[in-house]
1. In whole Hz, what ³J(HN,Hα) sequence does region 60-71 give by Karplus (6.51, -1.76, 1.60; θ = phi - 60°), x for Gly and Pro?
2. Go through TYR135, TYR27 and list them by solvent-accessible area, largest first, probe radius 1.4 Å.
3. So if we plug the beta-carbon distance of SER100 and HIS136 into 1/(1 + (r/R0)^6) with R0 = 22 Å, what FRET efficiency do we get, rounded to 0.05?
4. Points 7 angstrom from Cα along the Cβ direction at THR145 and ASN20: gap in nanometres?
5. What percentage of the solvent-accessible surface of the chain, computed with a 1.4 Å probe over protein heavy atoms, is contributed by carbon and sulfur atoms?
6. For the chain, what is the accessible area per residue in Å² when the probe is 1.4 Å?
7. Which of rounded, prolate or oblate describes region 74-207 when judged by the alpha-carbon gyration tensor and an a/c cut-off of 1.5?
8. Scan around ILE89 for amide H atoms under 5 Å from its own, H built in the peptide plane at 1.01 Å from N, and keep only partners 5 or more places away or cross-chain.
Amino acid sequence: MKRFEKIYEGKAKALYTTGNPDMLIQYFKDDATAFDGKKKGIIPEKGILNNKISSRIFKYLEGRGVATHFVDMPTEREMVVKKLKIVPIEVVVRNIAAGSLSKRMGVDEGAPLKETIIEFYYKSDPLGDPMINEYHIRAFGLAQTSDLRKMEATALKVNTHLSGFFSERGITLVDFKLEFGIHKGEILLGDEITPDGCRLWDKETGEKMDKDRFRRDLGKVEEGYQEVLRRVLG
Ligand code: ADP
Ligand code: UDP
């Protein structure tokens, strides 16, 4: 399938039309941003690594009954996906305290949680993706309640499957962000599942293997992503 017209260029990916009006191509770039785009950089080969990691994970989830937008990975940087009307909500799932949750609640990173937390953020770059709750979602009409219930249930199912998938590969799935969209009336998991949007810690050493290496200048950023791909394919 060929890339036609670029219809969107985001921070990490660009979207192109294809010969099929129901399909788009997601083109994975090496650009990395953090702190609402205030920190910018390049992680060499990130686009290739993330496309391969995400394609493998989407296939794995499809095999376990999770409906995703994934269709095919025709080249190293391209993913053919079903065209979605993106629901403007980022769904964050947390198994262990880290990042903004640690800050907000005043707990150390790595602190265990009594149960899994789901959070919603309004997907808006100019507003810096503020945290919202179900009342905001209903009051501002960001999603149908039935779709929200499906997103929540899917997020928990993804968490169960991916926690196991990563654990078998020596990785703790600390937290992650999902995006959903509507395709022909059906709600599908979209975007990407990669170290850009997941916290992945080595089970033995606790070493970070995700975008926190870039956010916090920990070094060996590309190596972290490469190691995730190696284990994801292993
Ligand atoms: P951002 O928009 O935050 O800078 P990216 O650079 O990752 O993020 O851009 C990819 C964009 O494509 C995101 O806005 C995402 O919501 C959107 N997207 C992901 N999957 C699909 C899809 N299947 N159809 C339409 N849009 C999608
Ligand atoms: N996340 C993301 N995009 C965002 C915000 C968060 O992919 O715009 C992911 C992030 O990589 C982490 C999880 O969601 O895996 C929780 O992020 P957190 O709220 O702790 O924010 P951070 O401190 O990373 O900004």
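The values are calculated or read from the model by the stated rules, or taken from the named source; none is laboratory data. Everything quoted here is computed from the prediction, not taken from an experiment. All Cβ positions, even for glycine, are placed from backbone atoms using ideal geometry, and neighbour counts span all protein chains on display. All accessible areas refer to the heavy atoms of the entire protein, side chains included, with ligands and DNA or RNA removed. Shrake-Rupley method; radii C 1.70, N 1.55, O 1.52, S 1.80 Å.
1. Once θ is set to phi - 60°, the couplings for region 60-71 become 4, 5, 4, x, 10, x, 9, 7, 10, 7, 5, 10 Hz.
2. TYR135, TYR27
3. 0.80
4. 3.6 nm
5. 52 percent
6. 49 Å²
7. oblate
8. Under 5 Å from the amide H of ILE89 lie the amide H atoms of LYS123, PHE180, each far enough along the sequence or on another chain.
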